[in-house]
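*Asks:* Mind looking over this structure? Questions follow.
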Amino acid sequence: MANTRTFEELLAQARSDDAYWQEWLVGDFVEALSSRMDELGVSRSQLALALSTSPAYITKVLRGESNFTIRSMVKLARAVRSVVRVHLAPIGASTRWIDSLNGALPQHAAANSTSADVSMDFSENGRSTRIRSENTTLARSASGRA
């Protein structure tokens, strides 16, 4: 009988390889860049013109086929009036970003948020850490929980 593995086993194996996480990061960046272009109404041709590059390069970027460097990511982000932010999350954590301009939340986020003092304890590799933030804005999920 052939050695068959479940999807979960194959996914766990893939996640143990740095290449998986590199592609994940590229995908996140490309998705964010594409969304920002849509928000601003910027076409591929316009982005290419702003960067003094070819539309073919922008197509390659948006397919995730470019050799991304910090420099190239910063140039692309700035061309769509943005900055690149980096966040290290514990493996298995879920992260949700909400951008706030001058302290104001976007309307969709403000309608589903509340302010509270937050403290979070977590331990990893036997080390315990407490993070505390006062008057933090918490976005609520569809279920109404923060």
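Each reported figure results from applying straightforward, stated rules to the coordinates on display, with no laboratory input. These numbers come from a predicted model, not from an experiment. Glycine also receives a Cβ, built like all others from the backbone with ideal geometry; neighbour counts cover every protein chain displayed.
*Asks:* Test each condition in (1) within 16 Å of SER82 (Cβ to Cβ); (2) surrounded by 13 or more Cβ atoms within 10 Å (Cβ to Cβ) for TRP21 and report the one that comes out false.
*Replies:* TRP21 satisfies all of (1) within 16 Å of SER82 (Cβ to Cβ); (2) surrounded by 13 or more Cβ atoms within 10 Å (Cβ to Cβ) except (1).
*Asks:* Let me ask something else about it. Quick one: count up the residues across the stretch 24-46 that are of a type in the set (A, V, I, L, M) and farther than 15 Å from ARG63 by Cα.
*Replies:* Number satisfying all stated conditions: 2.
*Asks:* For the stretch 57-104, how many residues meet the condition of being under 23 Å from GLY41 (Cβ atoms), hydrophobic (A, V, I, L, M, F, W, C) and out of contact with any Phe, Trp or Tyr (no Cβ under 9 Å at 6 or more places or on another chain)?
*Replies:* Qualifying residue count, the stretch 57-104: 10.
*Asks:* Also: Please enumerate the residues belonging to the stretch 58-104 that are surrounded by 13 or more Cβ atoms within 10 Å (Cβ to Cβ), of a type in the set (S, T, N, Q) and assigned to a loop (DSSP other than H, G, I, E, B). Walk me through it before giving the result.
*Replies:* First, the residues of the stretch 58-104 that are surrounded by 13 or more Cβ atoms within 10 Å (Cβ to Cβ): 58-62, 64, 66, 68, 72-80, 82, 84, 98.
Next, only the ones that are of a type in the set (S, T, N, Q) stay: 59, 66, 72, 82.
Selection gives SER66, SER82.
*Asks:* Going by what's in this entry, would GLU31 be described as acidic (Asp, Glu), farther than 22 Å from LEU88 by Cα and without any contact (Cβ under 8 Å) to a residue 24 or more places away in the chain? I'd like the intermediate steps shown before the answer.
*Replies:* Values: acidic (Asp, Glu): yes; farther than 22 Å from LEU88 by Cα: no; without any contact (Cβ under 8 Å) to a residue 24 or more places away in the chain: yes.
It is false that GLU31 is acidic (Asp, Glu), farther than 22 Å from LEU88 by Cα and without any contact (Cβ under 8 Å) to a residue 24 or more places away in the chain.
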